[in-house]
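S.K.: Dropping the structure in here first, questions after.
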Amino acid sequence: MTATKKSRLAILTSGGDAPGMNAAIRAAALIAIREGWDVLGVRRGYRGLIDGDLRPLPAESVVDVIRAGGTILGSARCPDLEERPARDAARATLAEHAVDGLIVIGGDGSLRGARAIADPAEAGDGFATRVIGVPASIDNDVGFTSASIGVDTAMNTIVEACDKISDTASAHDRTFFVEVMGRASGYLAMTTSIASAADGVIFPEAHASEEEIVEHVVDTIERARARTDRPKRVVVIVAEGAGVPMERLQRAVEARVAERLGEPDGNFETRATVLGHVVRGGRPSAFDRLLASRLAHVAVKALIAGKTLKMAAWLLPGKIPSRLAVPSEADPYCWLVDLDAALVATERLRRGTSQMVRWGVRIFEELGTSLAM
Ligand code: F6P
């Protein structure tokens, strides 16, 4: 009697790590193992796939990783994947290890990589690996999902930092700029400016000129100076993609304050804090752990059902054409989106032409009119 081969899943995390990636790895591995699959972890993203660096991922290796930030598999940015020979090498690794299903956990570039590897036109009929994406990026710039894994934790980290900065800013009646990550997306800056009751926010989607930005900050400082009932602190959150280098912004605001408002208390100086990679690290929030577990569940179930070139997504029920997205049979709150459609929507988000971006900016302006600049 010949033993039937077990189906095999490979899991890969790629691009900028995001808190909750480990929760996704854990859920995908544990669910697949329970379904009778073998599970392999790919080391260092697509680099490991190209180099053939895959290791078994038994249940004991993942069961306790839900609390940890980063990714136990390691991650990398892999520009080589843009070249055909690297994609051929990745496909050869998948064939050599007889991988039936690949789950790619990552953001825009990682999902594009998944699409390129499984592209039927390039991979040909012989390519036997099904591929499903799971969106994970603190930037929240993946189309067709309301939330990517890691965004909630990143927002909480920023809000905590801004609360602390607000304490010292209030104590000294100072103006602080706080720069937050997000690449070309202003999502983190916009949401956290509301959640931390910041006095101002600068984000790329507003398309403000440098001059407008400076005048708006100075208006905010002027209003703060007029306050008599509470500290004259000003906290302005700046998205890293806003396009104004921090030093230049500080000097321009300081000069304009001196010109327009004068310097009643001696020299006027601003302070800047660049949160940088702090925003990307740390223990994932409960929401990110849950989101990651649920999206990974949907991804594994989709692979088992024979699906490929899809992305597990977190979307409110709405009128989405069924050729683009169908509700997941595994989880009524999740969707299975066509990977191509998700990538087109991601590109629109990046260019600022997406309806989601327009809604986001409008909702933001209604919630925080006094902040928008
Ligand atoms: O995409 C996630 C992200 O953290 C962005 O917000 C940021 O611009 C970028 O990655 C930083 O990349 P790296 O860690 O390669 O410097």
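The values are calculated or read from the model by the stated rules, or taken from the named source; none is laboratory data. Since this is a predicted model, take the numbers as computed values, not measurements. So basically every Cβ, Gly included, is an ideal-geometry build from the backbone, and we count neighbours across all protein chains shown.
S.K.: Does segment 100-115 contain any residue that is in contact with a strand residue (DSSP E or B) (Cβ under 9 Å, 6 or more places away or on another chain), farther than 21 Å from PRO284 by Cβ and at pLDDT below 95?
M.R.: No, that holds for no residue.
S.K.: Now, a different point. Return the total of residues in segment 97-112 being away from the ligand (no atom under 13 Å from the Cβ) and closer than 16 Å to LEU336 by Cα.
M.R.: Qualifying residue count for the region: 5.
S.K.: If a residue has to be among the aliphatic types (A, V, I, L, M), within 16 Å of the ligand (Cβ to nearest atom) and surrounded by 24 or more Cβ atoms within 10 Å (Cβ to Cβ) to count, how many in segment 158-200 make the cut? Talk me through it step by step, then tell me what you get.
M.R.: At the first step, the residues of segment 158-200 found to be among the aliphatic types (A, V, I, L, M) are 158-159, 161, 165, 169, 171, 178, 180-181, 184, 188-190, 194-195, 197-198.
If we keep only those that are within 16 Å of the ligand (Cβ to nearest atom) too, we end up with 158, 161, 178, 180-181, 184, 188-190.
From the residues that got through so far, the ones that are surrounded by 24 or more Cβ atoms within 10 Å (Cβ to Cβ) too are 158, 178, 180, 188-190.
Of the residues in that region, 6 qualify.
S.K.: Could you run through segment 148-183 and say how many residues are touching a helix residue (DSSP H, G or I) at 6+ places or on another chain (Cβ under 6 Å) and at pLDDT below 95?
M.R.: Result for segment 148-183: 0.
S.K.: Taking segment 45-90, which residues are out of contact with any helix residue (DSSP H, G or I) (no Cβ under 6 Å at 6 or more places or on another chain), crowded, with 19+ Cβ neighbours inside 10 Å and not in a loop (DSSP other than H, G, I, E, B)?
M.R.: ARG47, GLY48, LEU54
S.K.: Condition first: more than 22 Å from PHE127 (Cα to Cα) and out of contact with any Ser or Thr (no Cβ under 9 Å at 6 or more places or on another chain). Can you find one or more residues in segment 37-47 that meet it?
M.R.: The initial filter retains those residues of segment 37-47 that are more than 22 Å from PHE127 (Cα to Cα), namely 44.
Narrowing further to those that are out of contact with any Ser or Thr (no Cβ under 9 Å at 6 or more places or on another chain): none.
No, the conditions are met nowhere in segment 37-47.
S.K.: OK, next. For residues that are of a type in the set (Ser, Thr, Tyr) and within 13 Å of the chain's Cα centre (by Cα), scanning just segment 138-197, find the one that is farthest from TRP314 (Cα to Cα).
M.R.: Of all residues in segment 138-197, those of a type in the set (Ser, Thr, Tyr) come to 145-146, 148, 153, 157, 166, 168, 170, 175, 185, 187, 191-193, 196.
Next, only the ones that are within 13 Å of the chain's Cα centre (by Cα) stay: 145-146, 148, 153, 185, 187.
Numbers: THR145: 5, SER146: 6, SER148: 8, THR153: 16, SER185: 19, TYR187: 16 Å.
By that ranking, first place goes to SER185.
S.K.: Among the candidates ALA255, ALA224, ALA272, single out the residue that is over 13 Å from ARG174 (Cα atoms) and modelled with pLDDT of 90 or more.
M.R.: On the way: ALA224 fails: over 13 Å from ARG174 (Cα atoms); ALA272 fails: over 13 Å from ARG174 (Cα atoms).
Answer to the selection: ALA255.
Let's see how each residue does on (1) outside any loop (DSSP other than H, G, I, E, B); (2) not β-branched (Val, Ile, Thr):
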{"residue": "VAL134", "(1), (2)": "yes, no"}
{"residue": "ILE138", "(1), (2)": "no, no"}
{"residue": "ASP141", "(1), (2)": "no, yes"}
{"residue": "THR145", "(1), (2)": "no, no"}
{"residue": "ALA154", "(1), (2)": "yes, yes"}
{"residue": "THR157", "(1), (2)": "yes, no"}
{"residue": "ALA161", "(1), (2)": "yes, yes"}
{"residue": "SER166", "(1), (2)": "yes, yes"}
{"residue": "SER170", "(1), (2)": "yes, yes"}
